[in-house]
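Undergrad: Sharing a structure below in structure tokens format, with a few things to ask.
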Amino acid sequence: MARPWITLASVDLIDGVMELRQRGDSDFLIMIDGRVLMNSFSRSSEEALSRLGLAHTAGAKAPKVLVGGLGMAFTLRAALDVLPAGAEVVVAELNENVLAWCRGPLGPATNHAVADPRVTVELVDVADLIARSPAGRFDAILLDLYEGPNDASQGRNDPFYSVAALGRQRLALASGGVLAVWSEDADAPYEKRFKAAGFEVARHAIGTGGRKHIVYLGRKLG
């Protein structure tokens, strides 16, 4: 018999009811308005985002990293697993309930990543944090946001994936720093903008069989 999902917590949002559900000891879902927002058992591309996006920091004693989007903290956990003890990791998360869940019932699944002494969580829009960051503040920026770049994000005012957003992200990176972006699918217009913004860009398809998610890596040039 299939194990049932148990609702651990729920909160009313503008977009609908957001729920944290658990099945057994280690399976979790975050739902919103009846749709799966994220789960704990399909996370290889999020973990690859961290590994690939931080590979250039190997050997650095105190890299400074920004993670945009906490989610279930698996991207953060993968980042911490490859970063040195002297690293500084800032996580930007909009929803205080998500943070509370990562500190509570989701904590054991990531070995309590948000409690790591290298981590500071700011309840803020990552686009705003990047915009107010000093030039060259971060050695890496990891954007793990819902859906990633797609047809709906082609507008000139998109806060994460537009030409202007890429310019702000580039400015916030140190020389040779890397912007790593998670996406549900490849997005050719975004990749073109990414390259034109002064980055050396690589695209990685993550997954085996069926649909593959995408990790874009852009190394800041100059």
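The values are calculated or read from the model by the stated rules, or taken from the named source; none is laboratory data. Only a predicted model underlies this, so the values are computations on that prediction, with no experimental measurement involved. So basically every Cβ, Gly included, is an ideal-geometry build from the backbone, and we count neighbours across all protein chains shown.
Undergrad: State the number of residues belonging to the range 88-137 that are of a type in the set (D, E) and within 21 Å of M31 (Cα to Cα).
TA: 3
Undergrad: Then there's this: Can we say E200 is out of contact with any helix residue (DSSP H, G or I) (no Cβ under 8 Å at 6 or more places or on another chain) and part of a helix (DSSP H, G or I)?
TA: no
Undergrad: Next up: Going residue by residue through the range 125-144, is there one that turns out to be surrounded by fewer than 22 Cβ atoms within 10 Å (Cβ to Cβ), in a helix (DSSP H, G or I), out of contact with any Lys or Arg (no Cβ under 7 Å at 6 or more places or on another chain) and not acidic (D, E)?
TA: Checked the range 125-144: at least one residue is surrounded by fewer than 22 Cβ atoms within 10 Å (Cβ to Cβ), in a helix (DSSP H, G or I), out of contact with any Lys or Arg (no Cβ under 7 Å at 6 or more places or on another chain) and not acidic (D, E).
Undergrad: Which numbered condition in (1) of a type in the set (A, V, I, L, M, F, W, C); (2) in contact (Cβ under 8 Å) with a residue 60 or more places away in the chain; (3) not in a loop (DSSP other than H, G, I, E, B) is the only one that A60 fails?
TA: (3)
Undergrad: Now a separate question. With respect to R156, determine if the residue is in a helix (DSSP H, G or I), touching a Ser or Thr at 6+ places or on another chain (Cβ under 9 Å) and not hydroxyl-bearing (S, T, Y).
TA: For R156, the condition - in a helix (DSSP H, G or I), touching a Ser or Thr at 6+ places or on another chain (Cβ under 9 Å) and not hydroxyl-bearing (S, T, Y) - is not met.
Undergrad: OK, next. Taking the range 70-86 on its own, how many of its residues are over 18 Å from W182 (Cα atoms) and either touching a Gly at 6+ places or on another chain (Cβ under 8 Å) or surrounded by 22 or more Cβ atoms within 10 Å (Cβ to Cβ) (or both)?
TA: 1
Undergrad: Give the range 87-114 a look and list any residue that's crowded, with 18+ Cβ neighbours inside 10 Å and either free of Cβ contacts under 8 Å to residues at least 60 places away in the same chain or among the charged types (D, E, K, R) (or both), or say none.
TA: A87, V89, V90, V91, A92, E93, L99, C102, T110, A113, V114
Undergrad: Which pairs do you get when a residue that is outside the structural domain of L106 (by TED's automatic domain parsing), found in the range 21-35, comes within reach of a residue that is among the acidic types (D, E) and at pLDDT below 95, reach meaning Cβ atoms under 7 angstrom, with the pair 6+ apart or on two chains?
TA: I32/D15; D33/D15
Undergrad: Is there a residue in the range 82-98 that is within 30 Å of K192 (Cβ to Cβ) and in contact with a Ser or Thr (Cβ under 6 Å, 6 or more places away or on another chain)?
TA: yes
One line per residue, one yes/no per condition, for (1) in contact with a Leu (Cβ under 7 Å, 6 or more places away or on another chain); (2) closer than 14 Å to L54 by Cα; (3) in contact (Cβ under 8 Å) with a residue 40 or more places away in the chain; (4) not in a strand (DSSP E or B):
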{"site": "Q169", "(1), (2), (3), (4)": "yes, no, no, yes"}
{"site": "A180", "(1), (2), (3), (4)": "yes, yes, yes, no"}
{"site": "K192", "(1), (2), (3), (4)": "no, no, no, yes"}
{"site": "L217", "(1), (2), (3), (4)": "yes, yes, yes, no"}
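Undergrad: Going by what's in this entry, would P117 be described as touching a residue at least 60 places away in the same chain (Cβ under 8 Å), assigned to a loop (DSSP other than H, G, I, E, B) and on the phi < 0 side of the Ramachandran plot?
TA: no
Undergrad: So if I check each of S175, S153, which one is over 19 Å from S45 (Cα atoms), among the small types (G, A, S) and surrounded by fewer than 14 Cβ atoms within 10 Å (Cβ to Cβ)?
TA: S175
Undergrad: Which members of the range 9-39 meet the condition of being more than 22 Å from D144 (Cβ to Cβ) and part of a strand (DSSP E or B)?
TA: Scanning the range 9-39 gives S10, D12, V17, R23.
Undergrad: Also, quick follow-up: Which one of the conditions (1) of a type in the set (V, I, T); (2) crowded, with 19+ Cβ neighbours inside 10 Å; (3) closer than 23 Å to L13 by Cα does T57 fail to meet, given that it meets all the rest?
TA: (3)
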